[in-house]
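The block underneath contains the structure these notes are about, expressed in structure tokens.
The numbers here are math on the coordinates, done by the rules we state, and not lab data. Fair warning: this is a prediction, and the values are worked out from it, not measured in the lab. Glycine also receives a Cβ, built like all others from the backbone with ideal geometry; neighbour counts cover every protein chain displayed.
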Amino acid sequence: MTAIKSFSQISVILLACAVFDVSCKFEFTNLKCTTLEREFVEFDKCFLKSYNRTYKYLTVSTNIHVLPLNSATVHTQVFKRLNGYKPFLFNFTTNACVILAGKMNPTTRFFFGLISPYSNLNHSCPYDHDVFVEKLPISFMNEKFTRVLPFPEGEYCVKNKFSYRGTPRAEIAVYARIF
């Protein structure tokens with residue numbers, strides 16, 4: 001009798017898990033674009049836009065004054081908010097020209113894949129035009145951060161510092177929440 005009762009309780013739990021899809025949601029909370037050297041680069045656009053409750057997107061557009069770019073490095077750090085923002089899992093530096101040539105490790109491929117469909121970063125160095133990320137939607141980010149590479153719930157900051165010839169020139173910090 002107790003075996004039948006426990007079996008029925010387990011069946012109800014399994015059925016509930018099958019019926020109710022447990023999933024997280026991604027949401028942008030803030031975006032900060034900082035120019036560290038105005039003679040090199042300026043940001044034309046740097047904003048989050050909420051079109052309606054379901055369609056929200058990120059847009060960043062740069063005006064690069066020193067062209068062509070033959071080499072650049074990108075330092076990426078991920079922070080999780082725990083009594084302030086603390087380092088979380090990822091902290092790496094890569095050569096941007098190597099990324100644009102298509103030679104990248106899986107971590108770099110994941111982070112570059114977040115912006116590549118919505119940007120003009122589509123050929124290798126030298127870069128002789130401005131760079132932009134146009135209308136990167138939360139639906140795309142939700143897919144990447146909850147299904148492709150599931151992140152735990154919490155508040156995050158992804159900082160990218162862009163350097164040219166060893167000197168930091170710009171920084172972009174994207175703040176997001178997964179709930």
Is there a residue being closer than 24 Å to THR34 by Cβ, surrounded by fewer than 18 Cβ atoms within 10 Å (Cβ to Cβ) and in contact with a His (Cβ under 6 Å, 6 or more places away or on another chain) anywhere in segment 90-105?
-> yes
If you check every pair at least six apart or on different chains, which have Cβ atoms under 6 Å apart with a residue in segment 141-170 that is assigned to a strand (DSSP E or B) first and a residue that is surrounded by fewer than 17 Cβ atoms within 10 Å (Cβ to Cβ) and of a type in the set (Ser, Thr, Tyr) second?
-> ALA170/THR35
Condition met for CYS125 (surrounded by 17 or more Cβ atoms within 10 Å (Cβ to Cβ) and outside any helix (DSSP H, G or I)) = yes
Does at least one position in segment 141-160 carry a residue that is closer than 18 Å to CYS33 by Cα, surrounded by fewer than 18 Cβ atoms within 10 Å (Cβ to Cβ), among the polar types (S, T, N, Q) and touching a helix residue (DSSP H, G or I) at 6+ places or on another chain (Cβ under 9 Å)?
-> yes
When LYS103 is evaluated against the numbered criteria (1) more than 18 Å from GLU171 (Cα to Cα); (2) under 16 Å from the mean Cα position of the chain (by Cα); (3) part of a loop (DSSP other than H, G, I, E, B), which criterion, by number, is the only one it fails?
-> (2)
Scanning segment 56-100 for residues that are under 21 Å from THR167 (Cβ atoms) and either free of Cβ contacts under 8 Å to residues at least 24 places away in the same chain or part of a helix (DSSP H, G or I) (or both) gives ASN91, PHE92, THR93, THR94, ALA96, CYS97, VAL98, ILE99, LEU100
